[in-house]
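Take a look at the structure set out below.
The values are calculated or read from the model by the stated rules, or taken from the named source; none is laboratory data. Here the structure is a predicted model, which means the values were calculated and not measured. Ideal geometry is used to build each Cβ from the backbone, glycine not excepted, and the neighbour counts take in all protein chains shown. Surface accessibility is based on the protein's heavy atoms, side chains included, excluding ligands, DNA and RNA. Shrake-Rupley method; radii C 1.70, N 1.55, O 1.52, S 1.80 Å.
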Amino acid sequence: MDEVEFMRGRVYGADHDNPGPRAGRVYAHLVGGPLDGLLLDVTDLTEQQRGRGVALATEIGRYGPGGRASYTPRPGDARRFDWRGDVP
């Protein structure tokens with residue numbers, strides 16, 4: 001199994017022993033970029049926060065350790081966050 005397949009269906013930031021989605025939580029799918037295929041728990045984000053998007057820490061992006069991957073909600077489908085690029 002390669003890294004991409006291993007990460008699919010996992011929740012960003014979740015415990016490695018329990019990486020899947022939990023009941024009662026709301027998730028968005030990360031599309032593209034280094035975190036493609038992961039789920040993002042957006043349960044506690046306000047609508048305004050979701051609309052601004054997120055910058056998620058990742059070691060597998062362009063900038064390596066300490067870098068972030070930027071994702072914003074897809075117009076017309078807030079359940080998908082599209083990659084906008086990596087930032088230091």
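Would you work out the charge dipole size for region 24-88 about its Cα centre, treating the Cβ of every Lys and Arg as +1 and the Cβ of every Asp and Glu as -1, and quote it to the nearest 20 debye?
Numbers: 9 positive and 8 negative charges, 25 e Å.
Roughly 120 debye, rounded to the nearest 20.
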Handout entry: 5 Å binning of all Cα-Cα separations within the chain, expressed as whole percents from 0 upward
Key = 3, 15, 25, 26, 21, 9, 2, 0
Fill in the blank from the handout: HN-Hα couplings for region 77-82 via Karplus (6.51, -1.76, 1.60; θ = phi - 60°), in whole Hz with x for Gly/Pro, come out as 8, 5, 7, 10, 10, 8
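Using a 1.4 angstrom probe on heavy atoms only, work out the carbon and sulfur share of the accessible area of region 1-81 in %.
That share works out to 48 percent.
For the peptides 38-48, 13-23, what is the packing order when you average, over each peptide's residues, the other Cβ atoms within 10 Å and list the highest mean first?
Working: 38-48: 14.6, 13-23: 9.6.
The most tightly packed comes first, giving 38-48, 13-23.
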Problem - Computed label-point distance, nm, for sites Glu59 and Thr46 using a 7 Å Cα→Cβ extension - result: 3.5
Problem - Amide H contacts of Gly9 (H built 1.01 Å from N, under 5 Å, at least 5 apart or other chain) - result: Leu39
